[in-house]
Amino acid sequence: MSNPAQTTSRPARGTDIADRASVWAMTLFVAALLIIFLLLPLLGILMRSLETPDGLGLGNFVSTFSTLRFWQLVGDSILVSLTSTAIVVVVAYGYAYALQRAIIPGKWFLRTVILVPLFAPSLVQAQGLILLLGRNGILNRYLGFDLDIYGFWGVAIANALYAFPYAFLILSAALAVADARIYESAEALGAGPLRIFRDVTLPATRYGLAATLFIVFMLAITDFGNPMVIGGDFNVLATEVYNQVIGQAQFGLGAVIGVALLVPAMFAKLIEKRMTARQHALVTEQSRPLTPRPSARRDLFFSLYAYVVAGLVVSVVAIVVFASFVHLWPYNMSFTLRHYRFDVQNGTDPLWNSVFVAFATAIVGIIVTGLGAIVVHKFRTALTGPLSFLAILPAAVPGIVLGLGYILVFNSPANPLNFLYGTFALIVILEVYYNHAHAFLISSTSLKQIGATFDEASTTLGGTSMTTLRKVTLPLIWPTLLGVGVFYFMRSMVSLSAVIFLVTPSTQLASVSVLQLSDRGAINQAAAFSVCIMGIVVLCLIVVRVLMRLAGVKNVNLIR
C-alpha cells in the first residue's frame with residue numbers, strides 16, 4: 001500500500017523558489033505603496049511642522065500652543081464633537097432599538113431612508129439646516145421664527161445628522177443579535193421591561209455603543225464641510241488647517257494644527273480598538289434568536305419615534321432637493337430646471353470629473369486593497385505585522401490632514417513623483433489610501449471566512465500560492481471585492497476634506513463645487529450639484545445590485 005504522504009504532489013524546487021519570489025514581490029509592492037502614499041505624507045506633515053527659519057525645532061509648536069486662539073479651537077472642537085456624539089448615540093440607539101426590538105410597519109423603508117445622508121457630501125446637512133433654519137430659511141421667513149442656526153449648534157446638529165447613518169448601522173448590528181433564553185429568564189424572575197433593558201440589553205450592546213461613541217466622535221472632530229458652511233464665526237481645528245494653508249499660506253502652522261488634530265483622532269481609535277478587542281460572542285450553538293413579541297403600547301411608541309426621527313433626517317436632505325428646483329431661494333420659489341444647466345464656472349465638468357475619479361478609485365481601490373488583504377492574511381512573511389498596522393492606520397487620520405500631507409510631499413520639486421501633482425491620478429491615489437482602512441477590513445473579513453482547508457487542499461494537489469490565489473481565493477471573494485469597489489465609489493463621490501487641497505481648476509470635483517457655490521451664496525446651484533451627486537451614487541447602487549442579482553450573487557452588503 002502506498003503511503004498517502006508519498007502520493008501528495010509537491011511543487012518542484014524551482015517552482016517553489018519562483019512561488020516564494022512571487023509572494024515576496026507582491027508583499028514588497030504593497031509595502032512600497034503604503035510607505036510612499038501613506039507613511040511619507042504623514043512624515044511630511046511632521047517634518048514641515050518642525051521646520052523653522054533656524055532649522056528643525058519646536059518653534060512652530062511653541063508659538064502655536066502659546067496662543068489663546070489655539071486652545072480655544074481645541075476646546076471648541078472637542079466640545080462640539082462631544083455634543084454631536086451625545087445627540088447621535090442617544091437618538092440612533094432608540095432608532096436602532098425600534099427597528100430591531102419592536103414590531104413597527106415599514107421597517108424596510110425606515111432602514112433605507114435613514115441611510116440617505118451617506119449618499120451626499122457631509123456639507124449637505126449644513127445646506128439643509130440653513131434652508132430650514134437659516135436667516136432666509138423656511139421657519140424664519142415664512143413661519144415668523146427668529147432662529148439663529150449659525151455657529152456652535154449648527155455645526156453640532158449638522159455633524160450629528162452626518163454621522164447618524166454610521167451610528168445606526170453599528171447599533172443596529174449590535175441589537176440584531178440576542179439570546180432569547182436570557183430575556184425569558186429575566187421575565188420569569190419578575191423583571192419589568194425597563195429593568196431588562198438596563199440589566200440585559202445595555203450590557204449586551206456595550207461594545208457596539210463604545211464603537212459608536214468613538215466613530216461618531218472621530219467623524220465629528222475631523223469633519224470639514226459642515227463647519228465651513230454653517231459655522232459662521234465659529235471655527236474648529238479642521239477649518240483652521242484650511243484657513244492657515246489656503247487663506248494665509250502658512251503651511252508650517254497648518255502642519256502643526258494638523259498634527260494636533262491627529263492626536264484626538266488616534267487617541268479615540270486606540271481606545272475603540274482596545275475596548276472592542278475584549279468583545280466576545282453573545283450567541284452560541286445553544287442560543288435561540290430573540291424575536292420581538294407584539295406589544296401595543298411599545299410598538300406604537302417606537303413607531304411614532306422612528307417615523308419622527310426619519311422625517312427629521314430626511315427633511316434636511318429633502319429641502320436641498322426642493323431648493324434645486326426653485327428659481328431663487330427664498331425670493332422666487334417657482335419651479336424651474338435651470339440650475340441643472342449648471343451655468344457656473346466649469347459647467348458640468350466637476351460632476352463628470354467626480355464620476356471619473358470615483359470610478360477610477362473603485363478600480364484601483366479593489367486592486368490595492370484586495371492585494372493588501374491577501375498579502376497580510378494569505379502570505380505570512382516577516383512584514384505581515386507592520387503591513388497590517390499600516391493598512392488600518394488611515395482610520396485614525398483625518399482626511400484634511402492626509403490631504404495636507406500630499407500637498408507637502410508631492411508638490412516638492414525634489415520628489416521624483418512630483419509629476420503626479422495637479423493630476424487626477426494623485427487624487428485617485430489619495431482617495432484610495434484615505435479610505436484604505438475600511439476597505440481593508442471588509443476584504444480581510446471575507447478572507448478570514450475562507451477555511452484553511454481550501455489552501456491545504458490546493459497545496460496538497462501541488463498548487464503554488466499563485467495558483468491557489470488565482471483558482472481558489474479570488475473566485476471566492478470577488479463579490480466582496482465588488483462591494484469594496486462600490487464603497488470606494490460612494491466615498492469618492494462625496495469626499496471633500498481629503499481632496500480640498502489637491503483640486504485645481506482643471507481637476508475640480510463636484511463636492512468642492514458645492515462648497516464653493518455655498519460659500520458665495522449660490523444656494524440653488526449648490527443644491528443642484530448635491531442632488532446630482534446623490535442621484536449618481538444611488539444609481540450606482542441600483543445598477544450594481546441588479547448586476548449581482550443577474551449573476552446570482554446574494555447577501556452582499558453594498559452599504560458599509
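The values are calculated or read from the model by the stated rules, or taken from the named source; none is laboratory data. Small disclaimer: the values here were computed from a predicted structure and weren't measured. All Cβ positions, glycine included, derive from the backbone under ideal geometry; neighbour counts span all protein chains shown. Heads up: the accessible areas ignore ligands, DNA and RNA and are worked out on the full protein's heavy atoms, side chains in. Shrake-Rupley method; radii C 1.70, N 1.55, O 1.52, S 1.80 Å.
Placing +1 on the Cβ of every Lys and Arg and -1 on the Cβ of every Asp and Glu, with nothing else charged, gives the stretch 104-249 a dipole about its Cα centre of roughly 320 debye. Derived scalar couplings between HN and Hα for the stretch 138-155 equal 4, 5, 6, 7, 10, 10, x, 6, 10, 8, 10, 8, 6, x, 3, 5, x, 5 Hz in order, rounded to whole Hz, by the Karplus curve 6.51 cos²θ - 1.76 cosθ + 1.60 (θ = phi - 60°), x for Gly and Pro. Atom-type composition of the exposed protein surface of the stretch 460-560 places 62 percent of the accessible area on carbon and sulfur (1.4 angstrom probe). Across the stretch 61-75, coupling constants 3J(HN,Hα) worked out from phi with the 6.51/-1.76/1.60 Karplus curve, θ = phi - 60°, read 5, 5, 5, 6, 5, 8, 9, 5, 4, 4, 5, 5, 5, 4, x Hz, and Gly and Pro carry x.
Sorted largest first, the spans of the alpha carbon positions of the chain along the three principal axes are 95, 73, 49 Å. Average 1/r across all pairs of distinct alpha carbons in the stretch 180-232, invert it, and you get the Kirkwood radius: 13.9 Å. Using C-alpha pairs under 8 Å with a sequence gap of at least 6, the mean separation divided by the residue count of the stretch 42-173 gives a relative contact order of 28 percent.
Do any trypsin sites (Lys or Arg not before Pro) in the stretch 334-440 lie in a DSSP loop with no more than 12 other beta carbon atoms within 10 Å, and if so, which?
Values: sites: ARG338, ARG341, LYS378, ARG380; in loops: ARG380.
Counting only loop positions with at most 12 other Cβ atoms within 10 Å, the trypsin sites (Lys or Arg not before Pro) in the stretch 334-440 are ARG380.
Normalised by the number of residues in the stretch 442-523, the mean separation of alpha-carbon contacts (under 8 Å, six or more apart) gives a relative contact order of 26 percent. Under a Cβ-Cβ cut-off of 14 Å, what is the net charge of the residues other than ALA156 that fall near it, where Lys and Arg count +1 and Asp and Glu count -1? Overall, the nearby charge balance is -3. Taking only protein heavy atoms and a 1.4 Å probe, the accessible area of the stretch 323-408 is 66% carbon and sulfur.
For the stretch 368-492, the Kirkwood estimate of hydrodynamic radius, built from reciprocal distances between every pair of different alpha carbons, is 16.2 Å.
I need the fraction of alpha carbon pairs in the stretch 468-560 separated by more than 16 Å, rounded to a whole percent. Mind showing how you got there, number by number?
Working: 2742 of 4278 pairs.
Tail fraction, whole percent: 64.
Alpha-carbon geometry of the stretch 308-364: the Rg and the Dmax are 15.7, 46 Å, given in that order. The residue list VAL88, ASN140, LEU68 was ranked by how far each Cα lies along the charge dipole of the stretch 1-158 toward its positive end, using unit charges on Cβ atoms, and VAL88 comes out on top. The loop-placed trypsin sites (Lys or Arg not before Pro) in the stretch 491-554, going by DSSP, that have at most 16 neighbouring Cβ atoms within 10 Å of their Cβ come out as ARG520, LYS554. Close amide-amide hydrogen proximity is noted between LEU290 and ALA178, ALA180, each under 5 Å apart and 5 or more residues distant or on a separate chain (H modeled in the peptide plane; Pro and chain starts excluded).
Is the C-alpha gyration tensor of the stretch 33-139 telling us rounded, prolate or oblate? Criteria: a/c under 1.5 is rounded; beyond that, a/b larger than b/c is prolate, otherwise oblate. Each step should come with its number before you reach the end.
Values: a/c = 2.69, a/b = 1.98, b/c = 1.36.
Verdict is prolate for the stretch 33-139.
In the complete set of protein chains, residue-level accessible area for ILE182 is approximately 90 Å², probe 1.4 angstrom.
In a simple Cβ point-charge model (Lys, Arg +1; Asp, Glu -1; nothing else charged), the stretch 145-198 has a dipole of about 220 debye relative to its Cα centre. Sorting the Cα pairs of the stretch 366-420 by distance into bins of 5 Å, from 0 upward, gives 4, 16, 17, 16, 19, 18, 9, 1 percent per bin. Work from the charge dipole of the chain (Cβ charges, +1 for Lys and Arg, -1 for Asp and Glu, about the Cα centre) and give the residue of SER388, ILE366, VAL546 farthest towards its positive end. Highest projection toward the positive end goes to VAL546. Can you give me the C-alpha center-to-center distance between the stretch 20-42 and the stretch 451-516, rounded to a whole angstrom? For the stretch 20-42 versus the stretch 451-516, the Cα centre distance is 16 Å.
The magnitude of the dipole of the chain, with charges of +1 and -1 set on the Cβ of Lys/Arg and Asp/Glu and taken from the Cα centre, is near 1420 debye.
Taking amide H as placed 1.01 Å from N in the peptide plane, VAL326 has its amide H under 5 Å from the amide H of THR336, each at least 5 places away in sequence or on another chain.
May I ask which residue of LEU482, LEU131, GLY521 lies farthest towards the positive end of the charge dipole of the chain, with charges of +1 (Lys, Arg) and -1 (Asp, Glu) on Cβ and the Cα centre as origin? The one lying farthest along the dipole's positive direction is LEU482.
Relative contact order for the chain: what is it in percent, counting Cα pairs under 8 Å that are at least 6 residues apart? Before the final figure, lay out each step's value.
Details: 752 pairs, mean separation 126.4, N = 560.
With pairs under 8 Å counted, the relative contact order is 23 percent.
Oblate is the label for the stretch 284-430, because a/c, from the alpha-carbon gyration tensor with a ≥ b ≥ c as root eigenvalues, is 1.5 or above and a/b does not exceed b/c. Per residue, the accessible area of the chain comes to 47 Å² when a 1.4 Å probe rolls over the protein heavy atoms.
Length, then width, then depth: along the principal axes, the Cα atoms of the stretch 401-474 run 52, 24, 17 Å. Computed from the Cα positions only, the extents of the stretch 87-210 along the three principal axes stand at 57, 29, 28 Å, in decreasing order. Estimated from the Cβ-Cβ distance and a Förster radius of 22 angstrom, the FRET efficiency linking LEU550 and LEU476 is about 0.65.
In Å, the Kirkwood hydrodynamic radius of the stretch 97-169 over pairs of distinct alpha carbons? Before the final figure, lay out the partial values.
On the way: mean 1/r = 0.0724 Å⁻¹.
Every distinct Cα pair counted, the radius reaches 13.8 Å.
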